[in-house]
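The values are calculated or read from the model by the stated rules, or taken from the named source; none is laboratory data. Remember, predicted model here, so these are calculated numbers, not experimental data. Methodologically, a virtual Cβ is constructed for each residue, glycine included, from the backbone with ideal geometry; neighbour enumeration extends over all protein chains shown. Quick note on the areas: whole protein, heavy atoms, side chains included, nothing else; ligands and nucleic acids left out. Shrake-Rupley method; radii C 1.70, N 1.55, O 1.52, S 1.80 Å.
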Amino acid sequence: MPAAKDEVYSTRSLTLARRTQPFQESVIREMTRLGDEAGSVNLSQGLPDFDSPPEVIAAALDAIRSGDNQYTFPFGEPNFRNAIAEKSARYNHIPADPETEVTVTCGVSEAIMSTILALTDPGDEVIILEPWYENYVPDCRMAGAVPRFVSMHEPDYTFDPQELRAAFNNRTRLIMINTPHNPTGRVLTHSELDVIASLCLEHGVVAVTDEIYEHIQYDGRKHISIGSLDGMRDRTVTISGLGKSYAVTGWRVGWAVAAEPLTALIRKVHDYLTVCAPAPFQAAGIVALNLPESYYQDMRAQYVTRRTVLLNALDESGMLYRQPEGAYYVMADIANLRWDHAKYTQPEWTFDRAFAEYIARDIGVAVVPGSSFYSRKESGTTRVRFNFAKHMSTMESAAKRLKCLVKA
Ligand SMILES: Cc1ncc(COP(=O)(O)O)c(C=O)c1O
């Protein structure tokens, strides 16, 4: 029966889902907003402010003009998957069949979410080395998986093999690895990866390795993919993407390489989550993955120069840090700086969050509070993360501003 025109209904209040309650909005993205609002130099979110190589940009424009604008095959455009498989064999030493073992995703973020959803059931445990890139924990929570943290101990950010062993149990399904590491700049060594691999083999656990910074390491260090170690090919999901290596974080193209039985599950999630990654940027990705070795050498050399500018500025301001071995971040110690804490703090803020407010508004540099990379918010509260994926002029302007920091 249709309601009478002037009939009055009572409205029932909404019941909101609890799924997102255990986590907050991304602090990193919030810091970028704070930085923009304060007019500061953005050394917070890890996005380059320089362009991708012209041939990569041209390939994307050509693809759009030539009509490459519709859905691709859900698991990725075949030639792009071929290029990823070729790179995986050559650079990561992991042979992969592009037909059945490569999935192209909307960024590394989606590859990680799809993998966790595909390879865990609610209540399963996922080991996460702490500090961690901030998506891992919300991803686990959204999947109903339980994160179990193992510390990478300061000052060297190394894990204790006994503590890692103790974290494995019969509910453990995955261990999340990230090398080179955000936020600490660690590059995991062969022996550290061996420890992780042997525990994965012993306990029937899959290693999910986020290698988005695989081409950025310093001082002669080499990138090692855990999936290339003995016995690990079939129990590793190796994830990377275009964003950081080719300065195209807004293109949202990533991939997951994994043995067929794992890929089959990941593809099901990916298909329903996003259907496919952007078509023209996959076309451009083929050009990116075929850039000569000199591109990577040049990129690393430029990062070394940017790192020097930042570290010199931190030295001058009296901040302590561990020199990054890879990626483009530094966790710096803010404990011995003098600043007006009372002026900036708010009741719910940790010390580092208040410092982030101060440094953005008074010094003019946006950073990320260290505690946002930890499960226990009392950890990391004397640290902030700087990123140096910036044009030299941006780095120099940040360095000039950082000179205004005062030692305690
Ligand atoms: C370790 C790590 N993984 C994943 C991402 C996100 O990757 P994407 O932009 O490809 O989703 C980032 C971005 O900063 C990162 O640092």
*asked:* Give me the strands (runs of 3 or more DSSP E) completely within the range 76-162, filtered to those with at least 2 residues that are under 27 Å from Arg322 (Cβ atoms) and either within 16 Å of the ligand (Cβ to nearest atom) or in contact (Cβ under 8 Å) with a residue 12 or more places away in the chain (or both), ordered by residue number.
replied: 125-130, 146-153
*Considering each residue of the range 204-261, count those that are more than 12 Å from the ligand (Cβ to nearest atom), on the phi < 0 side of the Ramachandran plot and open to solvent by 30 Å² or more (accessible area, probe 1.4 Å), and give that number.*
10
*Tell me, please, whether a residue that is assigned to a strand (DSSP E or B), touching a residue at least 24 places away in the same chain (Cβ under 8 Å) and buried (at least 19 other Cβ atoms within 10 Å of the Cβ) can be found in the range 297-305.*
no
_Only one of Ser371, Ser375 that is open to solvent by 20 Å² or more (accessible area, probe 1.4 Å) and either among the polar types (S, T, N, Q) or not in a loop (DSSP other than H, G, I, E, B) (or both)_ = Ser375
*From the list Leu188, Leu174, which residue is more than 11 Å from the ligand (Cβ to nearest atom), surrounded by 15 or more Cβ atoms within 10 Å (Cβ to Cβ) and in a loop (DSSP other than H, G, I, E, B)?*
Leu188
*Could we say that Asp298 is over 24 Å from Ile224 (Cα atoms) and of a type in the set (D, E, K, R) here?*
no
*Looking only at the range 317-359, which residues are over 26 Å from Asn178 (Cβ atoms), in contact (Cβ under 8 Å) with a residue 40 or more places away in the chain and part of a helix (DSSP H, G or I)?*
Ser317, Glu357
*Out of all the residues in the range 192-203, is one or more on the phi > 0 side of the Ramachandran plot and surrounded by fewer than 20 Cβ atoms within 10 Å (Cβ to Cβ)?*
no
*Among (1) of a type outside the set (Asp, Glu); (2) part of a helix (DSSP H, G or I); (3) modelled with pLDDT under 95, where does Ser44 come up short?*
(2)
